[in-house]
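See structure below.
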Amino acid sequence: VDVDSEYSGTVVNALTGSRKGVLVEMVDDAQGKARLKFEIPSRGLLGFGPEVATATRGTAVMHHMYLEDREYAGPIGQGSDRGKLVCNEMGKATLFALE
């Protein structure tokens, strides 16, 4: 994640808590930017894009790539009422179905 240094703590807190991320590397540069490298289960990234965009006022840029298969990291999330919608087929969704 590339982000303004002032928001680096916010990103670290968001990914290392219930999302099961591990901060591997953090590099600050002279222009006030930070590059944060994490190892995190891919299911921990579901819904993270909009969350980090809001928390960092749109300054974060996230890149991700598959590293390897690993052991199950345990449940992700804290049981909040906000869920993630994952679909495996094309089709129409109605508003009442998403509520």
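The values are calculated or read from the model by the stated rules, or taken from the named source; none is laboratory data. Values in this document were obtained by computation on a predicted structure and should not be read as measured data. Virtual Cβ from ideal backbone geometry, glycine too; neighbours counted across all protein chains shown. Note: accessible area is taken over every heavy atom of the protein model, side chains too, but ligands, DNA and RNA are not part of it. Shrake-Rupley method; radii C 1.70, N 1.55, O 1.52, S 1.80 Å.
General remarks:
- In region 39-52, the residues that are in a helix (DSSP H, G or I) reach residues that are surrounded by 15 or more Cβ atoms within 10 Å (Cβ to Cβ) and among the basic types (Lys, Arg) with C-beta atoms within less than 9 angstrom, at least six apart or across chains, in these pairs: Arg43/Arg19; Arg43/Lys20; Gly44/Arg19; Gly44/Lys20; Leu45/Arg19; Phe48/Arg19.
- All told, Arg82 meets the bar of being modelled with pLDDT under 85 and more than 15 Å from Gly21 (Cβ to Cβ).
- Any chance Met90 is out of contact with any His (no Cβ under 8 Å at 6 or more places or on another chain) and modelled with pLDDT of 90 or more: no
- Residue ID - nearest to the chain's Cα centre (by Cα), chosen from residues in region 24-82 that are open to solvent by less than 70 Å² (accessible area, probe 1.4 Å) and among the polar types (S, T, N, Q): Thr56
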